[in-house]
Every structure is written in C-alpha cells, then in structure tokens.
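Presented below is the structure to which this report refers.
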Amino acid sequence: MADGVSASEERSSGEDLFTRAHAPYLVVVFLSEWLIASNSLVTATILPSVGASFSAYQWFGWVSAAFAVGIVTAAALSGVSAERLGLAKAMTFASALFAVGCMVAASANGIGVFIAGRAMQGLGAGWLGGLGYVVAAVCLPGRHLSRIFAISAGIWGIATIAGPLFGGIFADAGFWPGVFVFFAAQAAVLALLSACLFGTEAESAGAKSEASIRALIPVVAGIVAIASAGVVAGVAAAIVLALSGLVALALAVRLDQRARTGLLPADLSRSLAGAGYVAYGATSAAGVAFSLYTPTILVTQYGLSAVEAGYVGVSDAVAWTIAAFVVSRADEARRTTILIAGSVAIAVGVILQAVVIGHGPLVAIVLAGAVMGAGFGSARPVLGERLIRSLDAASRARGSGAITVMQSVGTALGAAVAGIAANAGDFESVGDRALTFAQGFGLFASTFPFALVGIVAVVRFARLCHR
C-alpha cells in the first residue's frame, strides 16, 4: 500500500486515533459528513410545501438537478483547492458557501431563487465532501482509515434518518424555510471550527500542483446534460441528453489524463484506483431509484404520510450503518470476500425492490432496502480504505476528493436513467391510479445494469489489490 502500513496495523486499536492531536480533524470530518447527509434528503419531506408556496411542482426535478451539478463541480476541484489554499481555508470557504446557499433557499420568493440556493448548497456540499476525504487521507493515520470510514458510515446512516425528520417537523409547522436556517447555523459552526481548529501542519494538503482545469468544462457540461435527462419530458430527448453527458464526461477524463497534473490520479485505465472509482460510480447509480421514488410510491400506493414514507425509505441507511461497523472489525482474510459479497448484495437488493415495490407488503420493501444497504455498508468501507491507501503522496489529495466526484456522477447518471424509465412508464399517473407491476419493475430494474458493472469493477479492484 502507498503509505507502507500493513492491513493488520490498519485495524489496530483505535486508542491512538482519538487523541488531542487528531481531534480537530475528526470533528471536521464527522461534522461535514453529518451536514451533507442530513441536508441531502431534507427535501424529501419539504418539497410538497415548497411546491405549494411557489405553485411550482413541475420544477421538482430541477431542484435535485441543481444540487447534483453543484456537488460534482465542487467535488472535482476539492483536491486541487486543498493543495492550493490549504485545508483550513478550503474547509472554511466551503462551509461558508453552504451556509449562504441555505440562507438563499430560506429567503427565496420564487422557485428560481430556491433552485439557485440548492445549487449553492450543492457546491458547498461537494466541496465539503471531497475535502472530508482529503482530511482523512492526509491528516489522519492511515492505519485507522477503516475505522474512520465505519464511523462516517454510521453518521451518514443516522443523518439520513434525521434529515427527513427535521424537514417534516418544519413542514408540519408551516415554516419550511426554517430547516435551511437550521442547516445554515450548523454550517456556520463548521466554518468557525475549520478556521480555528486546524493547525499549521494542515496549511497544505500536499505539494501544490499545477492541475489543469480544462477538464472541468466538459465535466460541468456532462453533469448538466445527465441531470437534465432525468427531468425532461420526452424520452428521446432524455436519451440524447444522457448519451451526450456520457460523451462529455469521457472527454473530460481524456483531457485530464493527458494533463501533466490533472484533477484525477494518472493512468486510471490500468490502475487499482480506476477500478475503485468505477465501482463507486456504478454502485451509486444502482441504488438511486430507491431513495428517489420509494417515498412517493409509499404515499400514493400505501397511504403513508410523508414522514412515515421517509423512514421506510431509509431502511437501507440503517442496514448500511450496521454492516459498516461489523465490517470494520473483520480480519484481512475475510475483507476481500466481504467486498465482493457486498457488491452482489447491492444487485440483489435492486432486483428485490423491482419485484416488491407497489405490490408487496411494507415489510418486503423494508427488507429489500435493507439488503441493498447492507451491501453498501459491507463494500464501501473496504473499497474506500484500499483505494485511498493505493494512492501515492503526490496524488492523495486529488485522488481522495475524486471519490465524491464519482459518487455524485453515478448518482446523477442513475437518477437520469430512472427518470427516463419513469417517463416511459407514465410514472406521473401513479398518484391517480394503482401502480402496475410493469411500471414498478421497469422503474427500479432500470438501474440494475449499473449494479452489474459495479460487481465487475469490484472484482477487478479486488484482484488488483492482491497483485
């Protein structure tokens, strides 16, 4: 591995992780994780209130698209910003941007301003998410990466449960802007902590590179096209946009790999890191339909309230959290098997969801989500730990930040494909009549090919780890 730390040392006692020297970095990493995760799903329970306020239900898709574009754009530059600004300044600016975006959304007098606020939140979230990986990779002991990833997964699971709850509380109180004020206050605290807690050793996250940002233009164009594909009305137009977005992203990777120092580590096509990034993106795409469409189906087909539907829909997050903690204590001999089994569980969960959604009992939907969540919780800690450890010192900041980029690109691509399937299956009509088996299966199975790609990428990643 890149840092020369053995796998057995990696899972040593955590006593020397929770020290005064490491505390500032741990606080910032975990608070960033909490802020991003809890905010990302808050719109699940407030969008009906937002739509009523602005008479803009037809713009819901663009709310998510703007957030996704912001995340990918900022995450792509997170590693470079850490190198050039230093972690303290980069984290402070990212937190402040997130807070401003929250206040813009809270004070919006129309859907356009609200979408702009969500885009700014996406920029802040993407920046924070990428920087969180950089902090973990650069400032904390490599032997504890597995434990850090497990704790982060636990925080993510708790936060994704809490986010819809906070949104539901403010929505039921008739004051949905309050939830964004609530998140703005937390982001302001994170900005203050970032400015005060980091020491001088974190002024630079590595040697300052001259990373080319030419690749960022097709990245932004590609993610805009892909995100738009999930919300346009025509199926043909959506397919054209999605394919155009993929071409733009492929061009971005090609330009970046040709650069002397790019936004991504070099030689991705043949490297362990390249397989790891594909695995992150593909599995993220595979699981997105569950979080996007399950709450709506539970409300329209099962008669649940928005908050109740939100909690059924986060069964995957609960299983993810439990699995991640279990995996963090597994010995090295079993971790490769767990990694591959986790990727298979994601695929199984996707198919189970396609079969039971809309027609099976609630417990079957919960179990299907839990199977997929357990797969993520099993695979992601091992995948993230080994990917970061494979990066050399020169590319560790940029390579760590790229994890968030690939997750976000995968999520946007999966949402676009699911959106195309939803439009083709006349999903908008489910509020007025029963969901047919063909509609439910077609919608949730549309992302299954990504799960298969994820399995292939994980198997390749595992093989390269043992070379």
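Every number in this text was worked out from the coordinates using simple rules, so none of it is lab data. On a predicted model such as this, the values are computed, not experimentally measured, just so you know. A quick note on method: Cβ atoms are made from the backbone with ideal geometry, for glycine too, and the neighbour counts reach across all protein chains shown.
A Cα-only calculation for the stretch 281-359 places Rg and Dmax at 14.8, 47 Å. Couplings for the stretch 372-381, taken from phi via the Karplus curve 6.51 cos²θ - 1.76 cosθ + 1.60 with θ = phi - 60°, read 5, x, 4, x, 4, x, 7, 7, 5, x Hz in order; Gly and Pro are left as x. Compared with the dominant principal axis of the Cα atoms in the chain, helix 315-327 is inclined by about 20°.
Give me the Å³ per residue figure for the convex hull around the C-alpha atoms of the stretch 54-197.
Values: hull volume 15.8 nm³, N = 144.
Spread over its residues, the Cα hull of the stretch 54-197 gives 109 Å³ apiece.
Going by C-beta contacts inside 10 Å, put Thr160, Thr19, Thr73, Thr336 in order with the fewest on the left. So the ranking, lowest neighbour count to highest, is Thr19, Thr336, Thr73, Thr160.
In sequence order, the stretch 159-174 has phi-based couplings of 5, 6, 7, 6, x, x, 5, 4, x, x, 4, 5, 5, 5, 7, x Hz under the Karplus curve 6.51 cos²θ - 1.76 cosθ + 1.60, θ = phi - 60°, and Gly or Pro positions carry x.
A straight chain from Leu362 to Arg258 at 0.36 nm per residue would run longer than the Cα-Cα distance by 32.4 nm.
Quick one: if the Förster radius is 22 Å, what FRET efficiency do Ile169 and Phe54 give, using the C-beta to C-beta distance and rounding to 0.05? Can you show the working numbers first?
Numbers: r = 21 Å, r/R0 = 0.95.
Calculated value: 0.60.
The label point for Arg463 and the one for Val189, both projected 7 Å from the Cα toward the Cβ, are 4.8 nm apart. Between Asp426 and Val456, the simple spin-label model (points 7 angstrom out along Cα→Cβ) gives 3.5 nm. Helical runs assigned H by DSSP (4 residues or longer) give the chain a calculated mean residue ellipticity at 222 nm of -26000 deg cm²/dmol, each run adding -39500 (n - 2.57) before division by the residue total. Binning the alpha carbon pair distances of the stretch 7-465 at 10 angstrom intervals from zero yields the distribution 5, 22, 34, 28, 10, 1, 0, expressed in whole percent. For the Cα atoms of the chain, what angle does the longest principal axis make with the long axis of helix 448-465, in degrees from 0 to 90, nearest 10? Between the helix axis and the principal axis of the chain, the angle is about 10 degrees. In terms of its alpha-carbon gyration tensor, the stretch 261-417 comes out prolate; a/c meets the 1.5 threshold, and the first ratio a/b outweighs b/c.
Given a cut-off of under 8 Å on Cα pairs at least six residues apart, what relative contact order in percent is computed for the chain?
Working: 898 pairs, mean separation 109.1, N = 467.
Over the chain, the number comes to 23 percent.
For the stretch 352-414 and the stretch 113-142, what is the separation of their Cα centres, given in Å? The stretch 352-414 and the stretch 113-142 have Cα centres spaced 17 Å from each other.
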